[in-house]
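J.: One structure, as structure tokens, below. Some questions next.
The values are calculated or read from the model by the stated rules, or taken from the named source; none is laboratory data. Remember, predicted model here, so these are calculated numbers, not experimental data. Cβ placement follows ideal geometry from the backbone for every residue including glycine, while neighbour counts extend to all protein chains displayed. Accessible surface areas use protein heavy atoms only, side chains included; no ligands, DNA or RNA. Shrake-Rupley method; radii C 1.70, N 1.55, O 1.52, S 1.80 Å.
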Amino acid sequence: MHTLPLQIRFNDIDMMGHVNNAVIMEFFDLGKSRYFADAGIPVAPEEGDFTVMVVHVEVDFHSQIHWKDSVAVTTCVSHWGNKSLQVRQQVVNSVTGQPCATCLTVMSGYIRSAATSAVIPDDIKARVQAYDAKN
């Protein structure tokens, strides 16, 4: 499981005095981006024609996050399909370990030049599975 500590910024706080729900979605995106980079899933165009793209997102908000809270986002691939993968994430309170929000994202393999879904290459699956096994 990949863990990324997060810094809460002043502008992340809304009129209710907690981190805005839209910002929590940004936390999940940060977690996915760092996880993909570290685990070997190509994201940037210069990394090749294959990438993955979001096709479905489910989020549950469990508890508020305040300005002085210490939080991190955890990320892992929970399921592999032929052309898709499921990413499970949590924003957790780093002190208590309690989840503040959970997210399930379904992503599809994608070929940029053809603008179409694609089978996820075995070498990418193997790199990510090896990364997950050691973390």
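J.: Would you compute, from DSSP H runs of 4+ residues alone, the mean residue ellipticity of the chain at 222 nm, taking -39500 (n - 2.57) per run and dividing by the full residue count, rounded to the nearest 500? Could you put the intermediate results ahead of the total?
T.: Working: 2 runs with 32 residues, N = 135.
Helix contribution divided over all residues of the chain: -8000 deg cm²/dmol.
J.: Sticking with this one: So how tilted is helix 21-39 from the main axis of the chain? Cα-based, degrees 0 to 90, rounded to 10.
T.: 40 degrees
J.: Mind pulling the angle between the C-alpha long axis of helix 122-134 and the longest principal axis of the chain? Nearest 10 degrees, somewhere in 0 to 90.
T.: Compared with the principal axis, the helix lies near 40 degrees.
J.: Which whole-number percentage describes the relative contact order of segment 1-53, with Cα contacts under 8 Å and a sequence gap of 6 or more? Numbers along the way, then the final one.
T.: On the way: 26 pairs, mean separation 11.8, N = 53.
So the answer I get is 22 percent.
J.: Now, a different point. Using a 1.4 angstrom probe on heavy atoms only, work out the carbon and sulfur share of the accessible area of segment 1-44 in %.
T.: Result for segment 1-44: 59 percent of the exposed heavy-atom area is carbon or sulfur.
J.: LYS32: net charge of surrounding residues, Cβ under 13 Å, Lys/Arg +1, Asp/Glu -1, itself excluded?
T.: -1
J.: Right, next: For MET1, MET53, MET15, give me the order by solvent-accessible area with a 1.4 Å probe, most accessible first, ignoring ligands, DNA and RNA.
T.: Result of the area sort, largest leading: MET15, MET1, MET53.
J.: Might you report the magnitude of the Cβ-based charge dipole of the chain about its Cα centre, with Lys and Arg at +1 and Asp and Glu at -1, to the nearest 20 debye?
T.: With Lys and Arg at +1 and Asp and Glu at -1, about 180 debye.
J.: Please compute the per residue accessible area over the chain with all protein chains in place, 1.4 Å probe, rounded to a whole number of Å².
T.: 55 Å²
J.: Also, I was wondering about something else. Go through CYS76, GLN129, VAL91 and say which Cα lies farthest out towards the positive end of the charge dipole of the chain; charges sit on Cβ, +1 for Lys and Arg, -1 for Asp and Glu.
T.: GLN129
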